[in-house]
Each structure stands twice: as C-alpha cells, then as structure tokens.
2 protein chains.
Amino acid sequence: MSNVFKAISDNTRREILRLLREEPLSAGEISKHFPVSKPTMSAHFSVLREAGLVATHKQGKMVIYQINMSVLEDALLGFSGAIGLGLRSNTQNKGNKNAKS
Amino acid sequence: MSNVFKAISDNTRREILRLLREEPLSAGEISKHFPVSKPTMSAHFSVLREAGLVATHKQGKMVIYQINMSVLEDALLGFSGAIGLGLRSNTQNKGNKNAKS
DNA sequence: ACAACATTTAGATGATTAGCTAATTGTCTA
DNA sequence: TAGACAATTAGCTAATCATCTAAATGTTGT
C-alpha cells in the first residue's frame, strides 16, 4: 500500500511502468531505455516488484517484467477517495486491466 | 510534477492531506494529530507547499494550510493517463475542487 | 563442459530524508 | 513593552536511497 507510493515517487520507476504499459519487457530491454547501470535498474525492479506493481516470469535466460495495473489502480483510487478527490476508474478498462488504450 | 509524487510518498504527508480534505487547518491544529515534533511537521508542510499541494495564509499568529486539489488531480490524472490506467476525474467535482464529499 | 549472455547480489559511496532539541521570528494582548 | 503563544529556522543524527563496479548465479548453445 504505502510501498506503492514510495515506488512511484521515483521518476525512473514511473518511466519503467510507462514502458511496461505497452507490453511486457525483459530486464535488459527495459534497461536499454535508461542511462543507468544494469544493477541499478535491477534495484528499481525490486522496488516495483515488492510494491506489487510488476510481476515477473522467466523465459529462457531472460526475466520478463509485466505491469500489474490493479495494484496501481487500487492505490491511486484508494488515496484519491480518502482525500476527497473523486477519481473514478474507467469502466472501459474493467476486466481488461492491461489494455493498451 | 515530480515533487508531487515525492510529497505523497510519505505517509504522514498523505495523512496531512487527508485531514485538510475536511477543512483548512492551522499548523498547530494539524500537528496535534501526529506523534512528531512541531519542527518535523513544519518540514512536512514545506514539502507539501513546495509541491504545490497546499497553500497558506496567515491569520493572526497562525498559519492556515489549505489543500490544493487541482495540483493533486493533475499529477494523478497525468500519471494515470501516461501509464494507460484510465482514471477519470469525477465530473461532480468540476468547479468544486474542495468538496467534502 | 565451456563460453557467452542475462540478471542479480555484494559491497561501497555520496545524497537525501525524517526525526530531534534549541534558538529565532513574528504576532497578539495585558 | 514584556510575556505568551505559533511557527519556522538552525544544526545535528541515523536511516534510507540511487548509484556505481566487481563478482556470482543461472541459462543456452556448441
């Protein structure tokens, strides 16, 4: 819960999530988009994974990262609600949480 | 923009915003709700103010803090959009950004 | 089994952060 | 103007964080 907000407080991690919105990507593919070392990227992946914002599976020697929309949605909606900012989920996305657009 | 996410990454600051959702409050009144020192609270206020999430005005010897919904809404909606999570603002709140409910 | 590749772990460093106490600034009101 | 009250600034500390290089782990193909 609180970890979600910590996770998205870093711009690199928000950008990782933005990339993952398009499609699942391997650690290496994601890393190509950022001017930081692989180990640093790996640490960012850990933070995202521990917050539940991404899930992984192995595919050969690669680790594929996939965004978990519902965790993000729950956190944002929960906070938005607690604070009286009436954000609503787009019903178009219901049951299609990884929709491209 | 990025400062908004840093600001709401801390639980105490999210709680401050939650309190402010009800009504504008003085620094002292807000501080009563938290088990930390006044100077620490003052530092939290600074972070929120610099992120544009709260506005202040003086009233006698007190400093009144008021939440700025639109900054929060813009950040959350912007991020939600960039990431393909289709959150929408509650149209009921349009032009009434500090509505209680 | 070995070499090449993908990723993570280990270990270190400098920067930022949340917290504290003490001191300062500003604003009444008696 | 002196005292009381509200809030912030100054200065410190311990913890967390983002980053790096080097080393380790795991996987595939020859």
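Numerical summary
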{"read-out": "At 7 Å out from Cα toward Cβ: A:G81 inter-copy label distances (nm, ascending)", "value": "2.4"}
{"read-out": "Other-copy label distances relative to B:H33, 7 angstrom Cα-Cβ extension, nm", "value": "3.7"}
{"read-out": "Using a 7 Å Cα-to-Cβ projection, A:R49 label spacings across copies, nm, ascending", "value": "4.2"}
{"read-out": "Leading residue at positive end of dipole, chain B (Cβ point charges), from B:T56, B:N68, B:T40", "value": "B:T56"}
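Values in this text are rule-based calculations from the coordinates and carry no lab data. These figures come from a predicted structure and were not determined experimentally. Quick reminder, even Gly has a Cβ in these numbers, built from the backbone with ideal geometry, and neighbours come from all protein chains shown.
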